[in-house]
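Undergrad: Quick one: the structure is below, and I'll ask about it shortly.
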Amino acid sequence: MRILLVCLGNICRSPMAEGVLRHLAQERGIAITTDSAGTGDYHVGEPPDRRAQAAMRKQGMAINDLRARQFTQADFDRFDLLLAMDAENLRNMRRLAPSPEHASKAMLIMDHAPHHPLREVPDPYYGGDEGFDEVFRMLKEASNQLLDGLEQR
Ligand code: 4NP
């Protein structure tokens, strides 16, 4: 299973999502391939935001190895599941889909946490440190439920 996590800048939410998912999958012994990308190109080549790195390090899930890249149409062929952080990311991804079948691989990551009150992961970029901790908790809930589903297959 190849899973791509997508946000706008690829320096806050999606690298955190990649870090959470790869950590929890490894802990459970589930073999998946993960990557992340941004629909925007503003931060290409940069490491995750310092606040995202700090929030993850605190949880023992370092993400300092990750570098931002832009989402491309080819990602629809490279990945089995494309998980967007918010509805705008999802719209911009689907606009690039080569076919409806490709487009159907893309969904919101919080679709995997149907009992969580929020459907979208809020952009923590312009807020404070606590926003990154909230993002972490949401991503952990969604990732655990996604992995539960993979284990049952
Ligand atoms: P992300 O957060 O999409 O979670 O990586 C953002 C990072 C940078 C910007 C926007 C959102 N920006 O506009 O530079």
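Undergrad: Could you tell me which of the residues Asp41, Asp35, Asp111, Asp123 is assigned to a strand (DSSP E or B) and among the charged types (D, E, K, R)?
TA: Numbers: Asp41 fails: assigned to a strand (DSSP E or B); Asp111 fails: assigned to a strand (DSSP E or B); Asp123 fails: assigned to a strand (DSSP E or B).
Asp35 is the lone residue from the list that is assigned to a strand (DSSP E or B) and among the charged types (D, E, K, R).
Undergrad: Okay, next question. Kindly indicate which of Leu96, Leu118 is assigned to a loop (DSSP other than H, G, I, E, B), exposed (fewer than 13 other Cβ atoms within 10 Å of the Cβ) and at pLDDT 95 or above. Let's see the steps before the verdict.
TA: Numbers: Leu96 fails: exposed (fewer than 13 other Cβ atoms within 10 Å of the Cβ).
Checking each option against the conditions leaves just Leu118.
Every residue, every condition in (1) under 20 Å from Ser143 (Cα atoms); (2) surrounded by fewer than 16 Cβ atoms within 10 Å (Cβ to Cβ); (3) free of Cβ contacts under 8 Å to residues at least 24 places away in the same chain; (4) not aliphatic (A, V, I, L, M), yes or no:
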site	(1), (2), (3), (4)
Asn10	yes, no, no, yes
Arg13	yes, no, no, yes
Glu27	yes, yes, yes, yes
Arg50	no, yes, yes, yes
Met85	yes, no, no, no
Ile109	yes, no, no, no
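Undergrad: Can you pull out every residue in the stretch 6-27 that is of a type in the set (D, E, K, R) and farther than 17 Å from Leu81 by Cβ? Break it down stepwise before answering.
TA: Looking only at the stretch 6-27, we keep the residues that are of a type in the set (D, E, K, R), and these are 13, 18, 22, 27.
Within the stretch 6-27, just Glu27 meets the criteria.
Undergrad: Mind listing whichever residues of the stretch 66-96 are of a type in the set (Phe, Trp, Tyr), closer than 19 Å to Ile32 by Cα and touching a helix residue (DSSP H, G or I) at 6+ places or on another chain (Cβ under 9 Å)? Steps first, please.
TA: Within the stretch 66-96, the subset of a type in the set (Phe, Trp, Tyr) is 71, 76, 79.
If we keep only those that are closer than 19 Å to Ile32 by Cα as well, we get 76, 79.
Across the stretch 66-96, the qualifying residue is only Phe76.
Undergrad: Name the residues in the stretch 33-62 that are hydrophobic (A, V, I, L, M, F, W, C) and within 18 Å of Leu83 (Cα to Cα), would you? Let's see the steps before the verdict.
TA: If we filter the stretch 33-62 for residues that are hydrophobic (A, V, I, L, M, F, W, C), which is where we start, we get 37, 44, 52, 54-56, 61-62.
Correct list: Ala37 only.
Undergrad: May I pose another question? Name the residues in the stretch 77-105 that are away from the ligand (no atom under 16 Å from the Cβ) and within 15 Å of the chain's Cα centre (by Cα), would you?
TA: Of the residues in the stretch 77-105, the ones away from the ligand (no atom under 16 Å from the Cβ) are 77-81, 94-105.
Within the stretch 77-105, Phe79, Asp80, Leu81, Lys105 qualify.
Undergrad: A follow-up question, please. Could you say which residue among Gly45, Gly40, Gly149, Gly131 is modelled with pLDDT of 95 or more and at positive phi?
TA: None of the other options fit; the residue is Gly45.
Undergrad: Restricting to the stretch 29-41, what's the tally of residues that are buried (at least 19 other Cβ atoms within 10 Å of the Cβ) and near the ligand (Cβ under 7 Å from one of its atoms)?
TA: 1
The values are calculated or read from the model by the stated rules, or taken from the named source; none is laboratory data. Keep in mind the model is a prediction, meaning the values are calculated, not measured. Every residue, glycine among them, receives a Cβ derived from its backbone with ideal geometry; neighbour counts consider all protein chains shown.
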